[in-house]
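Notes for the one structure printed next.
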Amino acid sequence: MQKIEAIIQPSKLDAVKDALVEAGISGITIFEARGHGRQKGHTEFYRGREYAVDLLPKVKLELVVSDEMKDKAIEAIISVARTGRIGDGKIFVSRIDEAIRIRNDERGEIAL
Amino acid sequence: MPSGTARGVYEERMAEIRGSFESSGDGLQAAAARSALVDELVMQFWEQQLAANPKLGKGVAICAIGGFGRGQLFPYSDVDLMFSVEKDAQKLAKESIRSVSQSLWDCGLQLSFVARPPGECERLDAANPEFSLALLDLRWLGGDQDVFARLREKCVAKLRARDGKALGMELAKLTSERHAKFGDTLFHLEPNIKDCPGGLRDANVCQWLVGLRTGKNPQGVGDAAASSPSSEEFQEAVAFLAAVRCFLHYRHERDDNVLDWQAQDAAAKHRIGLQGSGRGSVDAAYWMRAYFRHARVIEKCLLREAEGAGLEVETPSTVRRIRVPEQAGFQIKAGVLELSETSGSGVDAAYEPDIVLAAFRAMAESGARLSQSSEERIANAIPRLSSNLEEGPGLWRQLSAILTGQRAGHALRAMHALGVLELILPEFHGIDALVIRDAYHRYTVDEHTFVLIDTLHGLKADPKKDVRKEVEEWRVKFGAILAELQNPGLLYLAAVLHDTGKGRVSENHAAESARLAQSVLSRLEMDGYDGGVVLRLIETHLEMSAAMRRDIFDAETVRAFVGKVQTHESLRMLTLFTYADIAAVHPDALTPWKAENLWRLYIAAANQLDRNVDEVRVHTRVSGGALGGWRKDEKITRVLSLVPGKEAAMEQFLEGFPERYVSTRSAETMRQHFEMTQRFAEDPFQMTFQHGATQSGSVSEITLVTQDRPRLFAGMAAALAAWGMNVVTADAFANQAGVVVDTFRFTDSFKTLELNESERDRFLSSVRDLVAGRASVEKLLSGRRRAKRRPPRVAAETKIEFDETASSHSTLLQVIAQDIPGLLRAISATLSERGYNVEVALVDTEGETAIDVFYLTTGGKRLTPAQEAELHQGLMEAIEANSR
């Protein structure tokens with residue numbers, strides 16, 4: 001099993017959700033996040049007043065999928081979240097040792 | 001009987017009770033029948049123990065408490081049982097009690113049992129006040145009658161006598177905490193019909209309060225309201241909720257009292273709780289309104305009983321002390337507002353709309369609540385109030401005063417419950433207790449509106465300790481925008497009306513609400529500018545939320561959004577509205593993340609707002625459509641329809657104006673401006689003047705329509721400065737033919753025009769002479785009185801910026817400075833002295849900061865860098881000189 005964490009632009013959330021569902025993945029956890037990578041913060045001026053934009057709004061998705069679904073999920077995310085500009089986000093993939101469904105103690109991929 | 005057999009019998013009898021409920025729909029009867037069945041079962045098991053050990057006949061009484069004590073056991077409710085055991089019988093009874101309990105469990109009952117000596121029941125159990133309250137419903141099932149008599153006549157009677165007051169206070173505290181869990185409102189989309197405000201638990205609280213007041217156990221639901229004329233409606237309400245609770249228990253097959261959407265559909269289909277001879281299913285929305293009506297009755301009864309007992313069952317809030325004039329027709333004592341029996345004119349004060357509305361204003365300002373008798377009198381007076389109510393600006397002043405009171409939501413809820421709000425705004429009736437099903441909202445549409453208004457007022461409140469720091473920080477930040485609004489009443493009016501369109505069948509509720517609002521605005525005779533602000537806010541109330549779902553860092557998203565708001569005042573209002581609208585969906589909906597995104601969009605839009613006004617111009621004939629035909633903007637079509645036979649001339653008039661002009665003026669206002677151009681032959685300086693001194697701090701408006709000529713804008717600004725007027729906003733637009741429309745909105749610093757009506761004509765004639773060059777600006781200014789200036793609360797540094805990218809043919813100048821009377825005159829005089837032409841002017845005030853934007857040309861071209869530098873210097877000097 002693989003855990004996929006994707007940090008994307010908030011405006012792409014609906015499209016990414018739809019793409020994942022289309023790819024057959026429905027279990028997604030969504031977090032409201034703030035951060036920056038190379039995109040860095042900047043200072044804006046608002047009618048004469050300075051306003052620092054240190055961290056930018058992002059959305060973080062977490063999903064755990066079977067090994068064979070990993071590439072399909074990544075492809076689904078990239079296909080709609082990519083604009084080609086700085087700030088499109090990142091995807092992190094890591095291995096998961098075990099999944100347990102609390103309700104009935106099912107374990108492994110069946111619990112996903 | 002073995003418990004296995006008993007279970008079979010119990011289930012059989014329960015099936016009969018269910019069958020009976022399904023045919024009669026009588027929930028109270030079903031609850032009573034189950035209670036009687038459990039009585040039998042308990043005693044049957046006890047008799048078995050007694051037969052085996054006759055010594056148990058002495059020293060043990062079996063009692064029902066809580067809901068079981070009241071003889072009301074809903075199909076899956078817990079059974080509260082108490083064994084009152086004398087100390088010397090405890091050892092003997094222990095095993096028998098365990099055995100009875102086991103048998104009852106084996107029958108499938110959810111049993112909560114307690115065994116206590118009678119003496120332990122005579123004091124309030126501070127660690128478990130619920131137990132002491134359950135004792136108020138004590139009922140004898142069997143066993144030793146002497147023990148029961150001692151328990152009831154001595155112990156519980158002592159508890160009532162000694163701790164009755166403390167019990168009442170515990171009851172109020174528990175009720176208040178329970179209500180707080182439900183946001184202190186009964187108007188939930190999926191209410192818990194037992195625990196929500198107005199639910200069955202509140203009906204029980206009424207009964208307990210009556211019991212504590214009278215010193216005896218209320219017998220049956222009617223007792224709770226026996227002393228009230230509304231006892232019948234209370235009983236009906238309890239019967240309705242009892243039927244619904246039975247229905248939910250059978251539907252969910254457990255003690256689950258949440259009336260979810262599917263259950264609402266099913267209840268409506270089976271007409272659960274509905275009286276009368278109607279047949280067939282009813283609409284779920286109709287059925288839910290019946291639910292809310294009954295819940296309101298119970299809530300009202302609870303508040304009345306609590307008020308009678310001097311208890312507070314709502315979340316405590318401070319009632320602010322306010323001064324009420326002696327002749328007001330009402331008084332406020334200990335947080336309760338009481339209407340006078342007779343007004344100055346000798347009739348009941350409840351018949352006088354002015355007094356009733358002033359009373360609601362006082363409630364909005366202070367947070368006081370209406371006394372029960374005043375409520376009843378107002379409710380009965382509605383037909384008389386209806387015929388006595390006068391619409392127009394007076395009504396708007398009163399409504400605005402209510403809406404801007406810090407506790408407006410509280411006053412509006414009371415007005416709504418009594419029918420007074422619908423009297424003023426019948427459009428609100430369509431969303432009364434309306435359930436719109438979506439995954440986000442928690443409250444009915446009317447309650448959502450009131451929570452939204454509470455949220456807006458909450459922006460001004462003192463910091464709260466029990467709120468997360470980051471949420472609190474955003475609240476303070478948005479609160480600063482609220483302080484900058486020129487007329488917050490308009491925002492609140494738009495808030496009241498924004499969802500009224502949901503009560504009609506329409507695909508676009510925002511447009512439908514705006515349509516309904518038009519008739520409200522015309523009844524209130526609101527001026528065109530204010531009315532336009534309200535309508536635009538209602539029409540666009542979803543635009544900012546929609547923009548937040550796109551990339552708010554994308555310039556195109558911001559530009560498209562800005563095209564819909566058009567002015568800073570509208571942007572400020574829409575930002576605040578969106579903040580409050582999200583927060584009013586449910587308590588956790590406005591996360592710091594969303595607040596930050598909203599703030600960023602606000603800033604981006606504010607920065608963008610004045611940047612391309614000169615560039616985007618009206619062209620009355622626009623190519624478009626699939627067939628490449630001619631398409632006219634909808635608003636322009638509307639304007640043209642107002643001038644039959646003169647369409648071509650009107651098109652010519654509109655041609656070349658910045659789009660900002662068309663989008664910020666009503667069709668009727670544009671028609672007036674056009675008609676003014678038709679009278680140029682009589683007088684080339686056409687003016688309209690609207691005096692707004694009907695209330696303190698109100699804004700007057702003067703509009704000049706004429707052919708463009710040098711110094712026009714500067715002349716107007718100078719005339720207003722000379723008369724001591726403080727310009728709040730202004731704009732100046734010109735069309736392709738060189739017709740200018742300059743509009744100034746200003747406050748009357750010295751109340752010159754308010755106190756001397758005759759001066760208004762002299763003022764207008766003076767303005768006319770100045771713009772026509774017939775009088776000297778300098779001469780007029782030399783006689784100007786200077787107001788004694790208070791030091792500013794927030795100092796604003798002067799900043800002057802030029803932007804070459806905003807327009808292809810003009811230079812954008814933005815001046816940010818302390819808002820001091822005469823500032824606009826100083827700036828515009830500096831511009832005109834240099835012969836710079838003002839193509840577009842946009843003047844705005846934010847709190848104590850003036851933000852003035854001008855699009856300038858000289859000889860039809862942009863300013864050169866050298867001209868900009870020289871102008872920068874000149875403006876700095878002029879602003880400095882004006883501030884001295």
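The values are calculated or read from the model by the stated rules, or taken from the named source; none is laboratory data. For clarity, every value in this text was computed on a predicted model and none was experimentally measured. Cβ placement follows ideal geometry from the backbone for every residue including glycine, while neighbour counts extend to all protein chains displayed.
Here is how the numbers come out for the structure above:
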{"read-out": "Condition check for B:VAL853: within 14 Å of chain A (Cβ to nearest Cβ), closer than 18 Å to B:ARG711 by Cα, at pLDDT 85 or above and out of contact with any helix residue (DSSP H, G or I) (no Cβ under 8 Å at 6 or more places or on another chain)", "value": "yes"}
{"read-out": "Long-range neighbours under 8 Å by Cβ, at least six apart or interchain, first residue closer than 16 Å to A:GLN9 by Cβ and part of a helix (DSSP H, G or I) within the stretch A:71-83, second acidic (Asp, Glu) and at pLDDT below 95", "value": "A:ALA76/A:GLU22; A:VAL80/A:ASP18; A:ALA81/A:ASP88"}
{"read-out": "Residue in the stretch B:661-679 that is part of a helix (DSSP H, G or I), within 29 Å of B:ALA817 (Cα to Cα) and at pLDDT 85 or above present", "value": "yes"}
{"read-out": "Residues (under 14 Å from B:PHE713 (Cα atoms), hydrophobic (A, V, I, L, M, F, W, C) and part of a helix (DSSP H, G or I)) located in the stretch B:733-776", "value": "B:VAL767, B:LEU770, B:VAL771"}
{"read-out": "Checking B:ARG162 against (1) modelled with pLDDT under 90; (2) buried (at least 18 other Cβ atoms within 10 Å of the Cβ), the condition it does not meet", "value": "(2)"}
{"read-out": "Only one of B:GLN72, B:GLN48, B:GLN90 that is modelled with pLDDT of 90 or more and either outside any loop (DSSP other than H, G, I, E, B) or more than 46 Å from the chain's Cα centre (by Cα) (or both)", "value": "B:GLN48"}
{"read-out": "Subset of the stretch A:18-35 [touching a Ser or Thr at 6+ places or on another chain (Cβ under 9 Å) and either under 12 Å from A:ALA81 (Cβ atoms) or away from chain B (no Cβ under 13 Å) (or both)]", "value": "A:ALA19, A:LEU20"}
{"read-out": "So B:ALA33, is it buried (at least 16 other Cβ atoms within 10 Å of the Cβ) and modelled with pLDDT of 95 or more", "value": "yes"}
{"read-out": "Enumeration of residues in the stretch B:90-110 that are in contact (Cβ under 8 Å) with a residue 24 or more places away in the chain and surrounded by fewer than 19 Cβ atoms within 10 Å (Cβ to Cβ)", "value": "B:GLN90, B:LEU92, B:SER99, B:GLN102, B:ASP106, B:GLY108, B:GLN110"}
{"read-out": "Residue, nearest to the other protein chains (Cβ to nearest Cβ), within the stretch A:1-17, restricted to residues that are touching a helix residue (DSSP H, G or I) at 6+ places or on another chain (Cβ under 6 Å) and under 22 Å from A:LEU55 (Cβ atoms)", "value": "A:LYS12"}
{"read-out": "Tally of residues being more than 20 Å from B:ALA417 (Cα to Cα) and without any contact (Cβ under 8 Å) to a residue 40 or more places away in the chain across the stretch B:174-209", "value": "4"}
{"read-out": "Selection status of B:THR858, within 14 Å of chain A (Cβ to nearest Cβ), more than 18 Å from B:MET725 (Cα to Cα) and touching a helix residue (DSSP H, G or I) at 6+ places or on another chain (Cβ under 8 Å)", "value": "no"}
{"read-out": "Which numbered condition B:ARG572 misses (of (1) away from chain A (no Cβ under 12 Å); (2) modelled with pLDDT of 90 or more; (3) surrounded by fewer than 24 Cβ atoms within 10 Å (Cβ to Cβ))", "value": "(1)"}
{"read-out": "Set B:ALA722, B:ALA732, B:ALA717: member being buried (at least 24 other Cβ atoms within 10 Å of the Cβ), in the same structural domain as B:GLU659 (by TED's automatic domain parsing), under 15 Å from B:MET670 (Cα atoms) and among the aliphatic types (A, V, I, L, M)", "value": "B:ALA732"}
{"read-out": "Failed condition for B:GLU422, given (1) in contact with a helix residue (DSSP H, G or I) (Cβ under 6 Å, 6 or more places away or on another chain); (2) in contact (Cβ under 8 Å) with a residue 60 or more places away in the chain; (3) acidic (Asp, Glu)", "value": "(2)"}
{"read-out": "Test for B:ILE879: is it within 14 Å of chain A (Cβ to nearest Cβ), in contact with a Lys or Arg (Cβ under 7 Å, 6 or more places away or on another chain) and buried (at least 19 other Cβ atoms within 10 Å of the Cβ)", "value": "no"}
{"read-out": "Test result for B:TYR579, of a type in the set (Ser, Thr, Tyr), within 11 Å of chain A (Cβ to nearest Cβ) and touching a helix residue (DSSP H, G or I) at 6+ places or on another chain (Cβ under 6 Å)", "value": "no"}
{"read-out": "Subset of the stretch B:338-388 (residues that are β-branched (Val, Ile, Thr) and either modelled with pLDDT of 90 or more or within 16 Å of B:ALA401 (Cβ to Cβ) (or both))", "value": "B:ILE355, B:VAL356, B:ILE378, B:ILE382"}
{"read-out": "Qualifying residue in the stretch B:214-222 (condition: modelled with pLDDT of 90 or more and in contact with a Gly (Cβ under 7 Å, 6 or more places away or on another chain))", "value": "no"}
{"read-out": "Any pair with Cβ under 7 angstrom, 6 or more apart, that starts in the stretch B:326-349 at a residue that is in the same structural domain as B:ALA381 (by TED's automatic domain parsing) and surrounded by fewer than 18 Cβ atoms within 10 Å (Cβ to Cβ) and ends at one that is of a type in the set (Asp, Glu) and part of a strand (DSSP E or B)", "value": "B:GLN331/B:GLU338"}
{"read-out": "B:ARG559 being of a type outside the set (A, V, I, L, M, F, W, C), under 22 Å from the mean Cα position of the chain (by Cα) and either closer than 24 Å to B:VAL451 by Cα or more than 12 Å from chain A (Cβ to nearest Cβ) (or both)", "value": "no"}
{"read-out": "Residues satisfying the stated conditions in the stretch B:540-565, i.e. under 20 Å from B:ALA494 (Cβ atoms) and surrounded by fewer than 20 Cβ atoms within 10 Å (Cβ to Cβ)", "value": "B:LEU542, B:GLU543, B:SER545, B:ALA546, B:GLY563, B:LYS564"}
{"read-out": "B:ASP499 vs. criteria surrounded by 21 or more Cβ atoms within 10 Å (Cβ to Cβ), assigned by TED's automatic domain parsing to the domain that holds B:ARG397 and of a type in the set (Asp, Glu)", "value": "yes"}
{"read-out": "Elements of type helices (runs of 4 or more DSSP H) contained in the stretch B:324-441, each with 1 or more residues being more than 30 Å from B:VAL585 (Cα to Cα) and out of contact with any Pro (no Cβ under 8 Å at 6 or more places or on another chain)", "value": "B:353-366, B:372-388, B:393-403"}
